[in-house]
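The values are calculated or read from the model by the stated rules, or taken from the named source; none is laboratory data. Just so it is clear, the model here is predicted, and its values are computed rather than measured. Glycine gets a Cβ as well: all are built from the backbone with ideal geometry, and neighbour counts include every protein chain shown. The protein model used for the area step is the full one, side chains on, heavy atoms only, and it has no ligands, DNA or RNA in it. Shrake-Rupley method; radii C 1.70, N 1.55, O 1.52, S 1.80 Å.
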Amino acid sequence: MSEAQAEALARAAAVLRKGEVVAVPTETVYGLAANALDAAAVKAIFAAKQRPAANPVIVHVADEFMARDCVTEWPATAQALAAAFWPGPLTLVLPKADEIPEIVTAGGSTVGVRLPRHPFMQELIRTCRFPLAAPSANLSNHISPTTAAHVQTQLAGRIPLVIDGGAAQVGIESTVIDLTGEIIRILRPGMVSAAAIAAVLPEHTVTDGHDEGVLKSPGQLKRHYAPNARLLVMNWADEADLEQQIAYSRTPHDRVCVLAHSIVVPGTRFGRVSVLPKEPEAYARTLYGELHRCDAEGAELICVEAVPEKPEWNAIADRLSRAGA
Ligand code: TXA
Ligand code: MG
């Protein structure tokens with residue numbers, strides 16, 4: 001670890017020990033962290049984000065032992081999934097231990113736990129020796145930050161410290177999976193796919209949770225992860241076709257941002273045309289950065305080319321549909 005990193009670590013740990021919040025890098029998106037065992041500290045997260053109290057917060061741990069301390073049951077399913085995907089972008093929802101304050105779980109009996117892959121975050125939790133409650137470090141209902149600069153734009157002046165750990169490698173939020181029932185439910189899709197989870201748990205039924213119509217994860221609210229601009233997911237044949245569709249919206253052309261990945265139109269007539277990667281992992285990594293940029297440029301309309309209807313694009317399609325709702 002470099003001297004600068006060691007210093008950032010010490011500073012972050014000191015702020016967290018005081019019961020205050022720190023914005024920290026994780027491999028999915030930046031998080032707004034506080035001591036998960038300190039209800040007052042977690043309350044400060046909700047205040048800084050203007051987050052509704054009904055939305056529970058994920059608890060981040062540095063190893064499996066710490067995860068087991070946060071829960072009252074550690075079933076074989078948790079063991080198998082942790083072995084396969086931790087550290088990584090998967091959050092396991094399990095019955096909560098008494099040590100976890102109610103504010104973390106929004107009064108519920110379950111807690112979401114995750115072992116993140118980012119080395120700074122792991123080292124920070126080890127240094128503090130307490131788990132870190134951390135939602136994404138954005139104002140409630142805005143797009144999650146994937147760089148420290150994104151955090152600054154939304155939360156500067158509201159929080160004491162932002163740690164810059166580089167651009168997030170995954171780029172969208174973790175897969176959230178409920179392990180408390182007979183049937184294993186994906187509450188929020190992410191880059192750990194349903195197929196990958198099912199492959200690790202061949203004896204179990206894994207569903208995406210929509211079949212029951214219960215709202216178990218508030219991340220599942222229809223409009224969430226939204227930019228300021230209106231966002232439309234659409235298909236186009238060529239530039240003339242796209243232009244015709246935009247004409248209906250009456251948005252001035254220089255206020256339109258186009259995010260294409262397959263049929264790339266010449267940019268001359270629009271505010272900007274961005275070409276996103278064709279691979280889902282790379283696409284996920286760049287998506288939020290593109291949306292933040294559209295907002296920063298004052299776009300009124302973001303036209304996103306519809307992504308392939310394939311399982312590996314599922315989590316991305318989910319975020320796009322919520323951003324456009
Ligand atoms: O990748 C991520 O998960 C990032 C990084 C910082 O770890 N965190 C994140 O947190 O996205 P947040 O608070 O923005 O989203 C957490 C999601 C919410 O939809 C919340 O409702 C759900 O997880 N969640 C947390 N605890 C839960 C629980 N006990 N039961 C059901 N859903 C839960
Ligand atoms: Mg969030």
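Going residue by residue through region 60-76, is there one that turns out to be within 16 Å of ligand 2 (Cβ to nearest atom), surrounded by 18 or more Cβ atoms within 10 Å (Cβ to Cβ) and either at pLDDT below 95 or not assigned by TED's automatic domain parsing to the domain that holds residue 132 (or both)?
Among the residues of region 60-76, not one is within 16 Å of ligand 2 (Cβ to nearest atom), surrounded by 18 or more Cβ atoms within 10 Å (Cβ to Cβ) and either at pLDDT below 95 or not assigned by TED's automatic domain parsing to the domain that holds residue 132 (or both), which makes the answer no.
Which condition breaks for residue 122 when tested against (1) within 30 Å of residue 195 (Cβ to Cβ); (2) within 12 Å of ligand 1 (Cβ to nearest atom); (3) open to solvent by 10 Å² or more (accessible area, probe 1.4 Å)?
The failed condition is (2).
Among the residues of region 291-325, which ones are of a type in the set (D, E, K, R) and open to solvent by less than 30 Å² (accessible area, probe 1.4 Å)?
If the condition is that a residue be of a type in the set (D, E, K, R) and open to solvent by less than 30 Å² (accessible area, probe 1.4 Å), then 305, 318, 319, 322 are the ones that fit.
Looking at 190, 289, which is the one that is at pLDDT 95 or above, closer than 30 Å to residue 55 by Cα, among the small types (Gly, Ala, Ser) and part of a loop (DSSP other than H, G, I, E, B)?
190
Looking only at region 162-183, count every residue that is touching a strand residue (DSSP E or B) at 6+ places or on another chain (Cβ under 9 Å), under 22 Å from residue 117 (Cβ atoms) and of a type in the set (Val, Ile, Thr) and tell me the total.
Adding up the residues that qualify gives 5.
Is it the case that residue 93 is at pLDDT 95 or above, under 20 Å from residue 124 (Cβ atoms) and in contact with a strand residue (DSSP E or B) (Cβ under 8 Å, 6 or more places away or on another chain)?
Answer is no for this residue.
Listed here are the residues, each with its yes/no results for (1) in contact with a Ser or Thr (Cβ under 6 Å, 6 or more places away or on another chain); (2) within 16 Å of ligand 2 (Cβ to nearest atom); (3) farther than 24 Å from residue 323 by Cα; (4) free of Cβ contacts under 8 Å to residues at least 12 places away in the same chain.
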residue	(1), (2), (3), (4)
97	yes, no, yes, no
115	no, no, yes, no
119	no, no, yes, yes
125	no, no, yes, no
135	no, yes, no, no
141	no, yes, no, no
147	no, yes, no, no
169	no, no, no, no
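Find the residue count for region 149-163, including only residues that are within 16 Å of ligand 2 (Cβ to nearest atom) and assigned to a loop (DSSP other than H, G, I, E, B).
Counting residues in region 149-163 that are within 16 Å of ligand 2 (Cβ to nearest atom) and assigned to a loop (DSSP other than H, G, I, E, B) gives 2.
The conditions are (1) part of a helix (DSSP H, G or I); (2) closer than 16 Å to residue 236 by Cβ; (3) not basic (Lys, Arg), and residue 294 fails exactly one of them. Which is it?
So the condition that residue 294 fails would be (2).
Have a look at 80, 8 and point out the one that is within 19 Å of residue 150 (Cα to Cα), out of contact with any strand residue (DSSP E or B) (no Cβ under 9 Å at 6 or more places or on another chain) and either open to solvent by less than 60 Å² (accessible area, probe 1.4 Å) or among the aromatic types (Phe, Trp, Tyr) (or both).
8
Could you tell me which residue of region 136-163 is nearest to residue 20 (Cα to Cα), considering only residues that are within 12 Å of ligand 1 (Cβ to nearest atom) and open to solvent by less than 10 Å² (accessible area, probe 1.4 Å)?
It comes out as 137.
Go through region 6-50 residue by residue and tally those that are among the small types (Gly, Ala, Ser) and in contact with a Lys or Arg (Cβ under 7 Å, 6 or more places away or on another chain).
Number of matching residues: 1.
Would you check if residue 170 is crowded, with 22+ Cβ neighbours inside 10 Å and in contact with an Asp or Glu (Cβ under 6 Å, 6 or more places away or on another chain)?
yes
Conditions (1) assigned to a loop (DSSP other than H, G, I, E, B); (2) in contact (Cβ under 8 Å) with a residue 60 or more places away in the chain, marked per residue:
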| residue | (1), (2) |
| --- | --- |
| 236 | yes, yes |
| 258 | no, no |
| 277 | yes, no |
| 313 | no, no |
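Could you check region 1-93 for helices (runs of 4 or more DSSP H) lying wholly inside it with 3 or more residues that are of a type in the set (Val, Ile, Thr)?
Here the list is empty.
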